[in-house]
2 protein chains.
Amino acid sequence: MLEELKQLAARVTTLLGSDPFPALAEPDILRAAVRDYPLRGGKRLRPALVVWACCAAGGDPEKALCAAAACEVFHNWTLVHDDIIDADDLRRNFPTCHRQLEQSAQRAGVAGAAAGKFGRDFAILTGDCQQAWANFVLLKLADTGAPPELVVQLAADLQKMGAKLIAGEALDVEMSRRDLAKISVEEVERMYALKTGALFEFCAAAGARIALNDAAGAHPFTRALGKMALEAAVAFQLKDDCLGLFGNQATFGKPVGSDLSERKATTLILHTLERLPAAERAGFELKLGQPEYSPSELDEIREIVRRTGALELVRNRASELAAAARRELVTLPESRHRTLLAELLDYLLNREV
Amino acid sequence: MLEELKQLAARVTTLLGSDPFPALAEPDILRAAVRDYPLRGGKRLRPALVVWACCAAGGDPEKALCAAAACEVFHNWTLVHDDIIDADDLRRNFPTCHRQLEQSAQRAGVAGAAAGKFGRDFAILTGDCQQAWANFVLLKLADTGAPPELVVQLAADLQKMGAKLIAGEALDVEMSRRDLAKISVEEVERMYALKTGALFEFCAAAGARIALNDAAGAHPFTRALGKMALEAAVAFQLKDDCLGLFGNQATFGKPVGSDLSERKATTLILHTLERLPAAERAGFELKLGQPEYSPSELDEIREIVRRTGALELVRNRASELAAAARRELVTLPESRHRTLLAELLDYLLNREV
């Protein structure tokens, strides 16, 4: 599966690298920024969902390629704007878009705060332009033989999906400002479904709709594949909550404990708070928000999270969703691409805790 | 004409006010922000271009209404992001989107800098969501009887136009950081053509394309109306450059002299610098960038701008473009809506200097 994923990633990179759209962006620094994230690589999970769902529903992978590339560009514009909002410095081991633009301004002699503002301003415009690019690439489907009625419907649904994704990001920002005691696990799960799930769902459903010429998105295969991807996305985020505290720092990517430092409302932390005896709750809350955690402090927190049953709860919920996703998948006829999708689910959801 | 413009504005407001798209935005504060600018009113010049161009090309105004509303929403998302970039406080006499969101955060007890950041972050997401909304409304054309091939092509061209408009904004930001001596009048005019002209052109051409089912945008009426709107937009901006120094403060809206305070690279100032004897240039540049100007200081600057012939040059260029726009218009058959468009040009381009 990983080999096929790599091949698909290369095709998407080639397609986006030769697309004429970014040439419309000016000046040069904006054009380069528009191309940057989409061509940085990444796993290309979303394109794989589109193309493999298309094949699993009996379609021709070539006909899904534009939609696959469009979903990848769409994902990337949201990253550019999220990185501004989260004031993040790194993305895939390189400076984030706004930092890179800030650095160019600094090299051109712009001083501190003004360079930061320039970086953010141009990163806003970069994401804006990429959003248009994503739509443009999707609409190209019409040139590759897709019926225009289908293309119009897919494009309209991409917009609705976008609104959900943006709502997910907004809820994430808004929750980060709320008292943890006032956030429910259900709200967080719903935020995951919007922020990550909506695009996953769109990808898999779009692949099926292209295969089946299903403008309404009502075919059972479309529904099953969309539901599968949505459930997998939420399960992935729940796993991520667990890995944020119990993961292996070396393989997980981000520092273990950073969720604690940020007082992030993960399902793991909310379940723990909810299940702690009232007397212990304030003490646990005090442990949150430290800039760093020693290994023994982390162990102590892990012990509490385990003892309350929060870890088990979140793991069980993730497994439940993963199982539901797999059940959707097997409603499709057996095929090589159904197997690839099953392997993709395993890859996403069986990460080591 | 103004009465017809008012009636059209009301229809656009009704259409946007009842559109279900913003309901996808969450939380409430984001949903309200998404609706805010598009429902604040404004002249609705862009919808008028769409609908009247459609009629002038022989089409049914009802069939252009979605496209008209889409162009208005498109315009508004760019305003939301521009207002963040320009750090503006007011838009149509109310706080700008990011300021309004900042104020909500303050009311909820968020402190200074954090409230400002929240306002900007949510305003980024507001514009993002409005961009999707604009596309969604345009794609609804397919529900009102437009052939899907045409809708796909219009939607694809809206994306290209968006990239140009964004490039215009980026060039504007970038120019504001450059030495005035290194900016040419041609560059500024081109920036106007991108930032304001591209959407004007799209609006008028879209109306004609809907009337004529002209997916390729190649019909002579489509080209003439698009060119007319592009030329009118640039002429409008050149007039604006003149009004920025010679306008009547009471009727012009923004403070006369604010272009000088911002050291803005207007065509008027660039022409003046170019035509001043080298010995006087430095002295004139020193007059720029003051926080305020007394009436006598303004008179002195006006005298220099007149004496160099810069005012005449810019006025002549604006008149030339206005005349070119009118020549395009009369290639269409005489009709009530052709007259309305001619009156709209007069309204835009005969503002008092």
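The values are calculated or read from the model by the stated rules, or taken from the named source; none is laboratory data. Just so we're clear, the structure is a prediction, and the values are computed from it rather than from any experiment. Here Cβ is always computed from backbone atoms with ideal geometry, including for glycine, and neighbour counts include all displayed protein chains. Note: areas computed on protein heavy atoms with side chains; ligands, DNA, RNA excluded. Shrake-Rupley method; radii C 1.70, N 1.55, O 1.52, S 1.80 Å.
Below is a table of values for the structure above.
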quantity	calculated
Entries of B:Lys6/B:Lys140; A:Lys63/A:Lys164; A:Lys182/A:Lys239; A:Lys43/A:Lys254; B:Lys182/B:Lys227; A:Lys182/A:Lys227 with Cα pairs more than 19 Å apart	B:Lys6/B:Lys140; A:Lys63/A:Lys164; A:Lys182/A:Lys239; B:Lys182/B:Lys227; A:Lys182/A:Lys227
Other-copy label distances relative to B:Ala278, 7 angstrom Cα-Cβ extension, nm	8.5
Net charge of Cβ neighbours under 9 Å - reference A:Met1; Lys, Arg +1; Asp, Glu -1	-4
Over the stretch B:154-207: Kirkwood hydrodynamic radius from C-alpha pairwise inverse distances, Å	11.7 Å
Label-to-label distance, nm, for residues given as A:Ser319 and B:Asp89 (7 Å Cα→Cβ offset)	6.0 nm
Coarse-grained scattering of the stretch B:160-274 at q = 0.12, 0.17, 0.18 Å⁻¹, given as base-10 log I(q)/I(0) from a Debye sum over alpha-carbon atoms	-0.50, -0.85, -0.92
Modelled FRET efficiency - R0 35 Å, A:Glu3 with A:Asn248, Cβ distances, 0.05 increments	0.90
Fraction of alpha-carbon pairs over 39 Å apart in chain B - percent	18 percent
Rg and Dmax of the stretch B:200-249, Cα atoms only, in Å	14.6, 45
Overall Cα dimensions of the stretch A:91-159 - principal axes, largest extent first, Å	52, 21, 17
Copy-to-copy label separations for B:Arg263, where each label sits 7 Å from Cα toward Cβ, in nm and ascending	4.2
Surface share of carbon and sulfur [accessible, 1.4 angstrom probe, percent] for the stretch A:188-284	53 percent
Computed helical MRE - 222 nm, chain A, DSSP H runs ≥ 4 contributing -39500 (n - 2.57), nearest 500	-24000 deg cm²/dmol
Percent RCO, i.e. relative contact order, over the stretch B:1-112, from Cα pairs under 8 Å lying at least 6 residues apart	24 percent
Nitroxide proxy distance, nm - points 7 Å out along Cα→Cβ at A:Lys287 and A:Ala114	4.9 nm
Residues whose placed amide H lies under 5 Å from that of B:Arg91, excluding near-sequence neighbours	B:Thr96
HN-Hα J in Hz across the stretch A:143-150 - Karplus 6.51, -1.76, 1.60, θ = phi - 60°, x for Gly and Pro	6, 9, x, 6, x, x, 4, 5
Residue among A:Val110, A:Val50, A:Val34 with the largest mean-square fluctuation in a Gaussian network model of chain A, springs linking Cα atoms under 10 Å	A:Val110
Share of pairwise Cα separations in the protein assembly as shown, more than 50 Å, in percent	17 percent
In Hz, Karplus ³J(HN,Hα) per residue of the stretch B:242-247 (6.51, -1.76, 1.60; θ = phi - 60°; x = Gly, Pro)	5, 5, x, 10, 10, x
Longest DSSP-loop-exposure-free segment, GluC sites (Glu not before Pro), chain A, at most 13 other Cβ within 10 Å	A:1-291
Inter-copy label distances at A:Ser294 (7 Å, Cα→Cβ; nm, one decimal)	6.9
Closest-to-axis residue of chain B (Cβ criterion, axis taking B to A), whole Å	B:Pro148, 2
Stretchable slack from B:Ser261 to B:Asp143, in nm (0.36 nm times residue separation minus alpha-carbon distance)	37.6 nm
Relative contact order, percent, chain A [alpha-carbon distance under 8 Å, six or more residues apart]	19 percent
Residue-normalised accessible area of chain B, expressed per residue, 1.4 Å probe, Å²	39 Å²
In Hz, Karplus ³J(HN,Hα) per residue of the stretch A:19-29 (6.51, -1.76, 1.60; θ = phi - 60°; x = Gly, Pro)	6, x, 4, x, 4, 6, 6, 9, x, 3, 5
Accessible surface buried once B binds A (1.4 Å probe; total of both sides; Å²)	4100 Å²
Theoretical FRET efficiency, 1/(1+(r/R0)^6), r = Cβ-Cβ of A:Glu62 and B:Glu62, R0 56 Å, to 0.05	0.90
Two-site label geometry, A:Leu39 and A:Asn213: point separation in nm, points 7 Å out along Cα→Cβ	3.7 nm
Rounded percent of accessible protein surface that carbon and sulfur make up, the stretch B:85-182, 1.4 Å probe	50 percent
FRET efficiency estimate (nearest 0.05) - Cβ-Cβ, A:Ala10 to A:Arg223, R0 25 angstrom	0.20
